[in-house]
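Take a look at the structure below.
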Amino acid sequence: MAHHTIIYGRINGATWKTEDYYKLHRMNIEIINSLPENDSEFPWINRSMFSVPNEQGIFRDQIITFGASYRTLEYEWHLWIEKFEELLTKLFWFDVTIHAEFEMIGDHKYDWIINHKLIKDNWYIEFPKPIIDWEFESNSPRKFENLLKK
């Protein structure tokens, strides 16, 4: 029997220095737009899952929202997180929150927060690099093996 999973959340896109405040926002849009329309490998992460606001939806922070529903994702949840974190290594952001509602094992919340010491040394240079160092915070597991055996 298949179980239903709903995933939704937001990526708080980072800003750049005053001369071109929205540079990192534009770079994030390019990355989101480069995602496949249809992902060939489950668990899927594709462009249609994400919404990026235009200028009227941005005051300082670029809030990239996302969401999808899946069939029986609890068994591949760790793979979904790994794939999502791979996307995060290409983006410019301050923090990320995911809410995962698993029909079989309940609701879970996950947070990623960047090391703010990296901002000055990286994002304010002419050619900034995406974040690859962060703190992962959650009371929920990245794998549900123990919960699924019950």
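The values are calculated or read from the model by the stated rules, or taken from the named source; none is laboratory data. None of these values were measured; they are calculated from a predicted model. Quick reminder, even Gly has a Cβ in these numbers, built from the backbone with ideal geometry, and neighbours come from all protein chains shown.
Only a single item in (1) modelled with pLDDT of 95 or more; (2) touching a helix residue (DSSP H, G or I) at 6+ places or on another chain (Cβ under 9 Å); (3) surrounded by 14 or more Cβ atoms within 10 Å (Cβ to Cβ); (4) among the acidic types (D, E) is not met by E85, and it is number (2). Residues satisfying the criterion are present in region 38-58 (criterion: among the aromatic types (F, W, Y), under 24 Å from Y110 (Cα atoms) and not in a strand (DSSP E or B)). Among the residues of region 126-150, the ones that are at pLDDT 80 or above and either touching a Pro at 6+ places or on another chain (Cβ under 7 Å) or among the polar types (S, T, N, Q) (or both) come to 3 in all.
Identify the residue in region 98-107 that is out of contact with any Phe, Trp or Tyr (no Cβ under 7 Å at 6 or more places or on another chain) and surrounded by fewer than 21 Cβ atoms within 10 Å (Cβ to Cβ) and, among all such residues, is farthest from A2 (Cα to Cα). Once the filter is applied, the top-ranked residue is D107.
When only residues in region 1-35 that are touching a helix residue (DSSP H, G or I) at 6+ places or on another chain (Cβ under 7 Å) and either farther than 15 Å from W80 by Cβ or charged (D, E, K, R) (or both) count, which is surrounded by the most Cβ atoms within 10 Å (Cβ to Cβ)? That would be G13.
Listed by first and then second residue, the pairs with beta-carbon distance under 9 Å, at least 6 apart or on different chains, first residue in region 53-65 and under 16 Å from I32 (Cβ atoms), second assigned to a strand (DSSP E or B) and among the charged types (D, E, K, R), are I63/R10; I64/R10; T65/R10. Looking across region 66-108, the residues that are more than 24 Å from D39 (Cα to Cα) and either without any contact (Cβ under 8 Å) to a residue 40 or more places away in the chain or of a type in the set (A, V, I, L, M, F, W, C) (or both) come down to F94, M104, I105, G106, D107, H108. Scanning region 75-134 for residues that are among the β-branched types (V, I, T), under 10 Å from the mean Cα position of the chain (by Cα) and not in a loop (DSSP other than H, G, I, E, B) yields I81, V96, T97, I98.
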